[in-house]
Amino acid sequence: MNNGNDAVNKSNGKKKIGKGRLFVRTFFISILVFSALAMLGLVLALNFARPPTVSGEISPPDVAYYPAEADEGDRNIGNGVFVPEGFTVSDRKDEFYTFLVFGIDGFANTDTIIVASYDGVNGEAHMVSVPRDSLVNVKRNVKKINAAYGAGTLNGGGREGGVSQLKRELKTIIGFAPDYYIIVNLNAFIRIVDAVGGVEIDVPMDMYYDDPDQDLHISISKGYKTLYGRDALHFARYRTGGSRSRTISDYERIENQHAVVKAVLEKILKPANILKIPEFIDIFNENVYTDIKAEDMLWFANEFKSVKSSDVLHSHVLPTLETVRYTYSYEILDEEGILELVNATINPYKKDIVAKDVDIITEVK
């Protein structure tokens, strides 16, 4: 089983896509979700909380409206069900839960897609980042997985339609649809860092970068200092500064991200921050949308207090074969590598997910 940021890949030239880029998005969403849950766990008496029961639902929720493409067959992507054919709730592992975690910008664009799992028996969590350009077998013109949520929200589908569509399309890639969803507006990270009074970071170099098109302006000088929300975000995102400061490698950027992770966790879990629980709850309520019930949230909060170490929290990237260019660029998924990764990390069933349970294509149809 792989640790850290490993992806289960063969060594025969198969491609690992954007590990550093995907890690930064994974970091922001996971730190927000796990920290918010951990903070809840600090102040609640959780002895009465019990492990959630998974319903074993086989069909997506009944959404009244779907995009026009759905009439041509996309509504039935993944056979229109959420579990592999022949699998039942009795095949589920004990206290094993899966989550669809994704970030959105101010519109309906999916900035990040992560499938996470939590094994309550062994106390381990895994996060698998799904490349946004992953090719999926759909009828719409843009056949990328990151277009699924937006397509599902059209024509009145709203958030429920978007989540349902994304779950169905994910099932074609990983063989099952996650139990719960968590949608995060990344503005929450900035607000959390500000709420704890900033984080202390030893900035290893001057970081300057300007991109007016993204309204992104990074200006952080070298040295030990307190970084507040937006600068902490910029520190973790920084990669290149053109002529004003040097470009860093993905490995250096991951080290910077780890430094922010550690600093945020140390700050947010200090007893003094108990007084800021109402503010954290406001941030969570305003920027996080989830179908996890309140009583189940309590159990997860208590469990996730210990899920902050690389020994029990593992991150991976869905393996791909190559990047191809048609009208759009697509990442061609590695079916063999995906099945190996899924079964080793996030599969909630006692039986393996196999090739017949997925619908991975290698060219645009």
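If the label point is 7 Å along Cα→Cβ of Thr327, which residues in region 147-164 have backbone nitrogen under 20 Å from it?
Backbone N within reach: 147-155.
Using the basic label-point model (7 angstrom from Cα toward the beta carbon), what is the Glu200 to Ser221 distance in nanometres?
If labels sit at Glu200 and Ser221, their model points lie 2.0 nm apart.
What nm value, rounded to one decimal, do you get for the distance between Val121 and Arg140 when each label is placed 7 Å out toward the C-beta?
3.8
Exceeding 28 Å between C-alpha atoms, which entries from my cross-link table qualify? They are Lys143/Lys262; Lys167/Lys351; Lys171/Lys293; Lys171/Lys276; Lys270/Lys293; Lys167/Lys267.
Correct reply: Lys143/Lys262; Lys171/Lys276; Lys167/Lys267.
Mind listing the phi-derived Karplus ³J(HN,Hα) values for region 196-208, rounded to whole Hz, using 6.51, -1.76 and 1.60 with θ = phi - 60°, and x for any glycine or proline?
Karplus values, whole Hz, x for Gly and Pro: 8, x, x, 10, 8, 10, 8, 6, x, 6, 5, 10, 10.
Taken together, the values in this text are just the output of simple stated rules run on the coordinates, not laboratory data. Bear in mind that the values here come from a model prediction, so they are computed numbers and not experimental data. Methodologically, a virtual Cβ is constructed for each residue, glycine included, from the backbone with ideal geometry; neighbour enumeration extends over all protein chains shown.
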